[in-house]
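Report on the structure given below.
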Amino acid sequence: MLTLSVFVDAKGNEANVVAVDFETQIKSIFQDNCLDCHGVEFQESGFRADNRWDLVDGGDSGEAGIVPGDPDQSYLIEVLTTDDEDLSMPYGDDHLTDTQINLIRRWIAEGAIWPGQMEAREEEEVTLWSLQPIERSDIPEALDGHVRHNDIDRFLQCAMSEKGLLPSKPATPRDLLRRLSVTLTGFYPSPKELVDFEKAFHDHPDAAYEAAVDRLLASPHFGERWAQHWLDVIRWGETTGGEANLYRKYAWPYRDYVIDAFNEDLPYDQFVREQLAGDVLGAPMATGYLVAGPNIPKSSMGNRVEDHMIARGNRLDQTIQTISASVLGMTVGCARCHDHKFDPISIEDYYSMKAVFEDLEYEPRIPEYPEDHPRVIADRRLRHEVDELRSSLHGSTWIEDWGAFQQVRFPETKTNTVRITFWADRVVLDEIEILDAKGRNLLLYEDFELTAIDQGRTANRPNKSLVDGAYGGWRSFQVNLKDMNKRDPSNKLQPWIEISFKESQEIAAINLSQNREYFYLSPYDDYPPQPIRFFNVEVEEGAGLKPIANWFAFQKRLKSDASLKATLDEIQKKISLLNKTGLKPMFIGNFVKPEDDLRSVKRSSTDLSSATGYISILAFPGDTQVLKRGDVTTPGEVVQPSGLSVIDGGLELETNYPNPERRVEFAAWLTSPSHPLTPRVMVNRIWHHVFGRGLVSTGSDFGQAGAKPDHPELLDWLANEFVSPEDGREPWSVKRMIKLMVMSHAFRQSSEPNAKHIAIDSDSVYLWRYKPRRVSAEVIRDNILRVTGRLSGQIGGRGFNIYGPKKQFGHWHMKDNYSEFTWRRLIYQDRMRRTDDELFSVFDLPDCGQIRDKRAISTTPLQALNLLNSEFIISQSEYLASELAEHSDDPEIQIERCFELLFGRSPSEVEQAACFEIAASDGLAVVCRALFNTNEFTLLN
Amino acid sequence: MNDAHNLTPRGLRLLNRRGFTQSFLGGGLSLMTLLNSDGYASDVKPLRPQIDPENPYAPRSPHFDMPAKKVLVINLPGAVSQVDTFDYKPALEKYHGKKPPGLPEVTFGGPTGKLHKPFWKFRQYGECGKMVSDLVPHLGALSDDLCFIHSMTSESSNHPQAENFLNTGFIMEGFPSFGAWTAYALGSENSELPAFISINDPRGMPRSGRNNWGNGFLPAAYQGTDFGISSPVKNLTRPERLSESADQKTVDLVKKMNDLHMERFPEDSDLAARIASYELAGRMQMSVPEVMDIRGEPEHIHKLYGTDSGSDNKRLYAQNCILARRLLERGVRVVQLFNGSDASGGNGITNWDSHTKMEKTHGMQGEIMDQPTAGLIADMKQRGMLEDTLVVWATEFGRTPFLQGFGTGRDHNPSGFTCFLAGAGVKKGFSYGESDEWGFKAEVDKVEMYDFNATILHLMGLDHERLSYYHNGIERRLTNVHGHVIKDVLA
């Protein structure tokens, strides 16, 4: 078929030419040059050129391969003509001829006619099992003759029978209570609990067991145990990671939130919603979730603009990883640079999800407390008292020390220009604020120009970050005259900073700070934030500058003016009280708020393109663009905030929709009862922690590369029961699901091995027995402290820090991991990333660097050495020995008691004899040390 | 492959039992099965090491035979200046004090200054005629044994991230280190010491600390165990207030209790592994003090390494060098040796990060590093150890050929720098790749860190594309999805 069309050549001449024919003119070019790497067999870079649909869709770069009618917008033409060796195609030295390229150009310009492929491709069906709607599976017929407690057993026994497996007999009451107790609370039962249970069990086994389940689910230690599982998944840590590995001093309120949420059985959908948008849902601490992962602090980022843009991308990427691993069970992060290799997640999906969180920063924020919160009340009262004290100083000039910053106060003045000159050898500033009488920072609202003169010698950081309202970037302005070898003593010029407003302003105070980030988060022992000193503030008046606040003059006046000093002392007292009891920034993520729109305009004026710009925070609200190949220097199309498109994630939001609402809408999508992933992923997590292995063994990857469910019908039945309970009880209840699982015979059966069954199913995937498992670091340590009677019962609150104070660019070093202040559950041990606690790190205690949906179980000789020789074990052995001595004078009873405490059973004669002999010759503590090290103490069966 | 004589009877039984790796590897294996049965997206299939749960350090076969059985990785944190050591650039003399067009205005530390000639004189060494500076004369004298790569590049200009990139293949933390990957794949020839040992600089840990020898998502058994002459293994010995006999009775009682307990779970490989780990711990308590005790080394060896130096930093580093050799001699698979620590050392010179006063700072660091390192390589050579040991000398990035604006030091430079290899499987007296005329950017045969790591894995007989581990949705590799073996440096 020949078609005549008008073709415009390079010079703009129109010519009537015969249209390009695909079959005869184009097909062979593709075949000879492209299809080896981009055909049926291989799809380098996810790109395919053997059909029109894939050609139009493009490959991993996310760009359309061809845009019919528009060769200039077609990526194919770009790669055929570019000089960039990395991009240039065909790969290697052979290029297409100009004639061939022109033919392709014309073909595209004419609409890329590909006979037989001009109709839209039929929608590919999504085949991934985890994306199919959850339907309540039919419960299989009960099989005769098996012990059964609920519907879970029907599913399992049906699958078992197909494999020729039979469920095991019930576990002994002691084994059962021990198993249940650790699973629910992380503690072994006490000897008394065991005796009581055994007695009750003897009379009414089912009732006794259910009572124990209810008692343990109601224990406040339940929340501690289950919170840790959640914190593992999101790799929550209390330092930033990176070289500075900055302390997140007030991150722990989020841990308390999680513990409370599990204890109160907060419905899981609400738990998720609050963690995504707690700032507007009345649960401010919950948003600690969004900043659980690591970030590299600004102070160790250097000067290259790209590095700052990449770092911002990395921070949000951590957030996306957190959400996708913990709730979605999908590896969305894989789509940052290209469409996901296995799963139906596109690069657009990734950036649409990023758009939801564009208001987030890895910074502390003051939580949104209710009006009647004690901190709100204290803060208001104290600020009022400070203002009253200040009014008595009206008309004079003074300096207040707010810890984080110095506030220079002076009589209100109208001026265009403020200049601050420094007489110090070393000046380091992170931020300057110029306040009006209402305390508003004018620099965020008014137009001005900034000049910073440091004598042209050590312009370490360009200065926009000095005035952006974002703290950190501690060397926004830095002068170190001492460092300069050739300081000219005759040089009277001093470094200064000048701010010239476009229109004159009423100003009342100036805040100067060296490093607020460190003050709020992590004071280093070798670098505490220093008060800013030796400065002189001048304002423009008439033709010249007039001094308005001079540090030297103020110090002098402070010595002579007793009433000023007395008032100021009073003010300082109020300030330190404020810092203690008032509003305090906490590490739960910071959000650019809608009312910050004005200042965000200022922020967006930060010059991202300038080679000397310094970004402290990105513009808000701003559009989110796809970054081709994940590269910040190649932004692509603008995307709207939304969830995953394959799960109808479109939120119908415009790009300028306010951010908190974006998060609320996204959370609503994520927690819809019909969401195929959220309920499946969570019931699977619960199952994993109850049975030691998930129904899907890759708990945070329900994608193509993850494992398939061992019992798909059971998983779906559970997921459905989670969100739509048949008996009409509260949906999304985690405790209800746990109870359902531990009430099953699968959980209550014996763990005894059975050679015939092991030969069929060595991993007990079919749950023909309860598979014995090693306990975690927490269970070992918490139970040692508990049996020695040394464990503090305090639940929640600030944790304990086993590391010494840290130097700015130094490491956290373990200082004391055994003294009394450490005698709390391990969940309260400050979780510094990338550290060694010299005790339990080798027991696979996560270092919070990576998502951990399940703990590895490794065995190394270092575990043995730590459990034999550490001061913690030695001293705890001695405590246990003295506790046992309190219990009885009789060595046999002491040993008996020791076995009851550690193993929940009496010693055999052989064991009693062996222990007795050692206790007699070397003391009971030696026996305790040995028993802490046994397999039995670390095995749950 | 497991050497049968290294296994206890129980280990052998476990090895023969169907599915023991399954119980040890858990989810990892189910994925492998999945990928193999459903067809992996690529034709490259992972090669899983067969790990004996009772002895995770047992030796295992490489993917293919190569001369190197062990590897010494010398890390130089802080960034060594290539133009002041091994990358000779006469143009710097000519253009000293000038700022030719094309060089950047801003680098990591701020505005850039002018080109500066090398702070040390270069001279020619050996048959290969290599030009090496007077900062590292002892290493220069070994030029005929070394294989330089002058076109190295990194993707971060920040020390800790670049350390991560060098040692784990990723900028971010939390990924397994080269040593952990190698120990995971190959185990160790010595069953009384960990397979991977990391010797820190006497002044402390490098910037990215434990991440440099971390196991990431690999089992904890493969993390580097860090100790050195001045920092012994934690909790290695019994506390003083316990007598030797009480200690022995503890161990005996643990064993007795565990044996009784095993009768209930005779088939449980995990319990057996835990028993074995106590035996290994007992052997470590004997072997570590023995290997750490270098007093018996002859006088001329101490002299060769420079342990007679008056400077603490050099003396202790030299002692660590002797320790490194002793560990390798005893069959430890991977020894990582650091020359440089984090920046908190106090006296200002803690590593190679010379932002001021190049002559003084690099000078002090060179004095500490050169003789002991060269002594170590020469000593390994004279003992024939280079026949089966690979030596890697690597810094996380280089330094700029120009000074910092208004400064006296050289700034960070990830765009071109020098590392060297030596020993088993590597060309001798060879230089690969070139930087531009200033020694600033890699220009000829550019080497990415992925290529470098692919090459050292290859030298250890490991295919970097098949040495992988399933973690959270991805078959993870040391080289991510990149890397080409540099064939030209292979002997």
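The values are calculated or read from the model by the stated rules, or taken from the named source; none is laboratory data. Keep in mind the model is a prediction, meaning the values are calculated, not measured. For neighbour counting, all protein chains shown are included, and Cβ atoms are generated from backbone atoms with ideal geometry for every residue, glycine included. Please note that ligands, DNA and RNA were not included when accessible areas were found on the heavy atoms of the full protein model with its side chains. Shrake-Rupley method; radii C 1.70, N 1.55, O 1.52, S 1.80 Å.
Cβ-Cβ contacts under 6 Å between residues 6 or more apart (or on different chains), taken from a first residue in segment B:142-168 that is closer than 16 Å to B:Asn75 by Cβ to a second residue that is in a strand (DSSP E or B) and open to solvent by 10 Å² or more (accessible area, probe 1.4 Å), are listed as B:Ile149/B:Tyr432. Taken over segment B:265-300, residues that are part of a loop (DSSP other than H, G, I, E, B) and more than 8 Å from every other protein chain (Cβ to nearest Cβ) amount to 6.
Let's see how each residue does on (1) of a type in the set (Lys, Arg); (2) outside any loop (DSSP other than H, G, I, E, B):
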| site | (1), (2) |
| --- | --- |
| A:Ser168 | no, no |
| A:Arg174 | yes, yes |
| A:Ala200 | no, yes |
| A:Ala212 | no, yes |
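Only residues that are among the hydrophobic types (A, V, I, L, M, F, W, C), within 12 Å of chain A (Cβ to nearest Cβ), under 15 Å from B:His464 (Cβ atoms) and not in a loop (DSSP other than H, G, I, E, B) were counted across segment B:155-188, and they come to 1. One residue stands out in segment A:686-695 among those that are part of a loop (DSSP other than H, G, I, E, B) and more than 9 Å from every other protein chain (Cβ to nearest Cβ): the one that is farthest from A:Asp232 (Cα to Cα), namely A:Leu695.
With respect to the stated conditions, B:Leu242 fails to be more than 30 Å from B:Pro137 (Cα to Cα), assigned to a helix (DSSP H, G or I) and open to solvent by less than 40 Å² (accessible area, probe 1.4 Å).
Is it true that A:Tyr247 is free of Cβ contacts under 8 Å to residues at least 40 places away in the same chain and of a type in the set (Phe, Trp, Tyr)? No, not satisfied. Looking only at residues of segment B:449-491 that are in contact (Cβ under 8 Å) with a residue 60 or more places away in the chain and assigned to a strand (DSSP E or B), we find that the one that is nearest to A:Gly699 (Cα to Cα) is B:His471. Among residues that are at negative phi, of a type outside the set (Asp, Glu) and modelled with pLDDT of 95 or more, A:Phe271 is included.
Is it the case, given these coordinates, that A:Ser61 is under 19 Å from A:Thr634 (Cβ atoms), open to solvent by less than 30 Å² (accessible area, probe 1.4 Å), among the polar types (S, T, N, Q) and in contact with a Lys or Arg (Cβ under 6 Å, 6 or more places away or on another chain)? Yes.
Being modelled with pLDDT under 85, open to solvent by 30 Å² or more (accessible area, probe 1.4 Å) and not in a loop (DSSP other than H, G, I, E, B) is true of A:Asn16.
Of all residues in segment B:430-448, one or more are out of contact with any Pro (no Cβ under 9 Å at 6 or more places or on another chain), open to solvent by 40 Å² or more (accessible area, probe 1.4 Å), within 26 Å of A:Lys341 (Cβ to Cβ) and assigned to a loop (DSSP other than H, G, I, E, B).
B:Thr225 falls short on exactly one of the conditions (1) more than 30 Å from A:Pro294 (Cβ to Cβ); (2) facing another protein chain (nearest Cβ under 10 Å); (3) among the hydroxyl-bearing types (Ser, Thr, Tyr), and that condition is (1).
For residues that are in contact (Cβ under 8 Å) with a residue 40 or more places away in the chain, within 7 Å of chain A (Cβ to nearest Cβ) and of a type in the set (Gly, Ala, Ser), tally how many sit in segment B:229-254. Qualifying residue count, segment B:229-254: 0.
Among the residues of segment A:317-343, those that are assigned to a helix (DSSP H, G or I) and open to solvent by less than 10 Å² (accessible area, probe 1.4 Å) comprise A:Thr319, A:Ile320, A:Thr322, A:Ile323, A:Ser324, A:Ala325, A:Ser326, A:Val327, A:Leu328, A:Val332, A:Ala335. Scanning segment A:900-920 for residues that are part of a helix (DSSP H, G or I), under 14 Å from B:Leu260 (Cα atoms), within 11 Å of another protein chain (Cβ to nearest Cβ) and open to solvent by less than 30 Å² (accessible area, probe 1.4 Å) yields a total of 4. Any residue in segment B:131-144 that is within 14 Å of chain A (Cβ to nearest Cβ), open to solvent by less than 10 Å² (accessible area, probe 1.4 Å) and either touching a His at 6+ places or on another chain (Cβ under 7 Å) or among the polar types (S, T, N, Q) (or both)? So far as segment B:131-144 goes, no, none of its residues is within 14 Å of chain A (Cβ to nearest Cβ), open to solvent by less than 10 Å² (accessible area, probe 1.4 Å) and either touching a His at 6+ places or on another chain (Cβ under 7 Å) or among the polar types (S, T, N, Q) (or both). Scanning segment A:662-681 finds no residues that are open to solvent by 20 Å² or more (accessible area, probe 1.4 Å), under 27 Å from A:Ser161 (Cβ atoms) and either not in a loop (DSSP other than H, G, I, E, B) or not polar (S, T, N, Q) (or both).
When B:Asn472, B:Asn480 are checked against the criterion of being in contact with a helix residue (DSSP H, G or I) (Cβ under 7 Å, 6 or more places away or on another chain), modelled with pLDDT under 95 and more than 21 Å from B:Asn158 (Cβ to Cβ), a single residue qualifies: B:Asn472.
Hey, can you tell me all the residues within segment A:807-856 that are more than 7 Å from chain B (Cβ to nearest Cβ), of a type in the set (A, V, I, L, M) and either buried (at least 23 other Cβ atoms within 10 Å of the Cβ) or assigned to a loop (DSSP other than H, G, I, E, B) (or both)? If the condition is that a residue be more than 7 Å from chain B (Cβ to nearest Cβ), of a type in the set (A, V, I, L, M) and either buried (at least 23 other Cβ atoms within 10 Å of the Cβ) or assigned to a loop (DSSP other than H, G, I, E, B) (or both), then A:Leu826, A:Met832, A:Leu839, A:Leu845 are the ones that fit. For B:Ala422, all conditions in the list (1) closer than 28 Å to B:Pro59 by Cα; (2) part of a loop (DSSP other than H, G, I, E, B); (3) in contact with an Asp or Glu (Cβ under 7 Å, 6 or more places away or on another chain) hold save one; what is the number of the exception? For B:Ala422, the failing item is (2). Within segment B:255-264, the set of residues being within 7 Å of chain A (Cβ to nearest Cβ) and in contact (Cβ under 8 Å) with a residue 12 or more places away in the chain comprises B:Asn258 only.
Among the residues making up segment A:274-315, those that are modelled with pLDDT of 80 or more, assigned to a helix (DSSP H, G or I), open to solvent by 10 Å² or more (accessible area, probe 1.4 Å) and not small (Gly, Ala, Ser) are A:Glu274, A:Asp279, A:Val280, A:Leu281, A:Pro284, A:Met285, A:Ile310, A:Arg312, A:Asn314, A:Arg315. Scanning segment A:220-237 for residues that are among the charged types (D, E, K, R) and not in a helix (DSSP H, G or I) returns a single hit, A:Arg235.
Which members of segment A:69-103 meet the condition of being open to solvent by 60 Å² or more (accessible area, probe 1.4 Å), under 43 Å from the mean Cα position of the chain (by Cα) and in contact (Cβ under 8 Å) with a residue 24 or more places away in the chain? Correct list: A:Tyr91 only. Candidates A:Ser396, A:Ser346: the one that is open to solvent by less than 50 Å² (accessible area, probe 1.4 Å), among the hydroxyl-bearing types (Ser, Thr, Tyr) and within 30 Å of A:Asp631 (Cα to Cα) is A:Ser346.
Report whether or not A:Ala930 is in a helix (DSSP H, G or I), surrounded by 20 or more Cβ atoms within 10 Å (Cβ to Cβ) and more than 40 Å from the chain's Cα centre (by Cα). Criteria not met by A:Ala930.
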